[in-house]
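See structure below.
The values are calculated or read from the model by the stated rules, or taken from the named source; none is laboratory data. A quick note: this is a predicted structure, and the numbers were derived from the prediction, not measured. Reconstructed Cβ throughout: ideal geometry from the backbone, glycine too, with neighbour counts over all protein chains shown. Remember, those area values only see protein heavy atoms, side chains included, never the ligands or the DNA or RNA. Shrake-Rupley method; radii C 1.70, N 1.55, O 1.52, S 1.80 Å.
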Amino acid sequence: MKQYNLGIEATLEILGGKWKALIVCQLMPGPRRTSELERLIPDISQKVLIQQLRELERDGIVGRKDYNQMPPWVEYDVTEYGKTANRIIDVMCSWGRENIRMRKSRGEDISLLED
């Protein structure tokens, strides 16, 4: 039996790490193909992207739809259960934007591309 000391441990197990929350964030507007995600998250390797998508799919956060055509086409989207994480991701995005503003005000050479 798996045990956690705090609920945040279970959250971080699903959404923790460098890429998972970012992948979910990019899927929130709607389904995307793997190649779209690669363009939207340029620093992630294809191998890591696929691995993270599989883990998110296993955990019920992301769904995968295979289209049987040539060339093969796969789309990923956020499941209804995955959408329940939207509040967490929104808070993380807001906190990150505020953190960047604070660091800029202290003179750090930092920018946010989405601004």
> Stretch Asn68-Met92 to full length: gain in nm at 0.36 nm per residue minus the Cα-Cα span?
Replying inline: 5.0 nm
> Are there trypsin sites (Lys or Arg not before Pro) in the stretch 1-109 that DSSP marks as loop and that have at most 16 other Cβ atoms within 10 Å, and which are they?
Replying inline: Lys2, Lys18, Arg106
>> Before I look further, what does the chain give for accessible area per residue, probe 1.4 Å, in whole square angstrom?
In response: 72 Å²
>> Taking just the alpha-carbon atoms of the stretch 31-82, what radius of gyration and Dmax come out, in angstrom?
In response: 11.0, 31
>> What percentages make up the Cα-Cα pair-distance distribution of the chain when the bins are 5 Å wide from 0?
In response: 2, 10, 18, 20, 18, 13, 9, 5, 2, 1, 0
> Which percent of Cα pairs goes in each bin when the distances of the stretch 52-105 are cut into 5 angstrom slices starting at zero?
Replying inline: 4, 17, 15, 16, 14, 11, 10, 7, 3, 2, 0
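Run lengths n ≥ 4 of DSSP H only: what is the helix-derived mean residue ellipticity at 222 nm for the chain, with -39500 (n - 2.57) per run over all residues, to the nearest 500?
Values: 6 runs with 61 residues, N = 115.
Calculated mean residue ellipticity at 222 nm is -15500 deg cm²/dmol.
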> Which one of Ile23, Ser105, Thr84 has its Cα pushed farthest toward the positive end of the charge dipole of the stretch 9-115, where Lys and Arg give +1 and Asp and Glu give -1 at the Cβ?
Replying inline: Ser105
>> Test of understanding: given the chain, find the longest segment containing no GluC sites (Glu not before Pro) that are in a DSSP loop and have at most 10 other Cβ atoms within 10 Å.
In response: 1-107
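What is the chain's relative contact order, in percent, from Cα pairs under 8 angstrom and six or more apart in sequence?
Values: 91 pairs, mean separation 25.4, N = 115.
Reported relative contact order: 22 percent.
Of all accessible surface on the chain at a 1.4 Å probe, what whole percent is carbon and sulfur?
Working: 4340 of 8320 Å².
Of all accessible area on the chain, carbon and sulfur atoms account for 52 percent.
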